[in-house]
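These notes are about the structure you will find just below.
Nothing in this text is a laboratory measurement; each read-out follows from the coordinates by a stated rule. Predicted model only: the values in this text are computed from it and were never measured. Positions of Cβ are backbone-derived with ideal geometry, glycine not excepted, and every protein chain shown enters the neighbour counts.
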Amino acid sequence: MSFNLRGAILQNVSGNSAQEVEETILDAVQSGEEKMLPGLGVLFEVYWKNASEDDKQQVINQISKGLQ
């Protein structure tokens with residue numbers, strides 16, 4: 001029996017307002033708990049699939065700057 005974590009996370013946040021999504025992200029980042037990382041990854045995947053090439057490049061640049 002396998003558990004579809006991605007599907008469960010998407011179902012959990014489906015239909016959330018922009019404010020609810022922001023609260024979810026802030027809670028995950030501020031808590032620093034490792035169990036929140038898969039959820040952030042799924043949210044990032046949703047963003048990436050819907051972002052323009054320019055938006056993707058901006059995110060890549062911001063992340064690379066943050067890693068220096």
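Between the helical axis of 18-31 and the longest alpha-carbon principal axis of the chain there is an angle of about 90 degrees. Relative to the longest principal axis of the Cα atoms of the chain, helix 53-66 runs at roughly 90 degrees.
May I ask for the angle, rounded to the nearest 10°, between helix 37-50 and the longest principal axis of the chain, with both axes built from Cα atoms and the value confined to 0 to 90°? In the chain, helix 37-50 runs at an angle near 60 degrees to the longest axis. Computed from point charges on the beta carbon alone (+1 for Lys and Arg, -1 for Asp and Glu), the dipole magnitude for the chain about its Cα centre is near 240 Debye. For the stretch 1-22 versus the stretch 37-56, the spacing of their alpha-carbon centroids is 13 Å.
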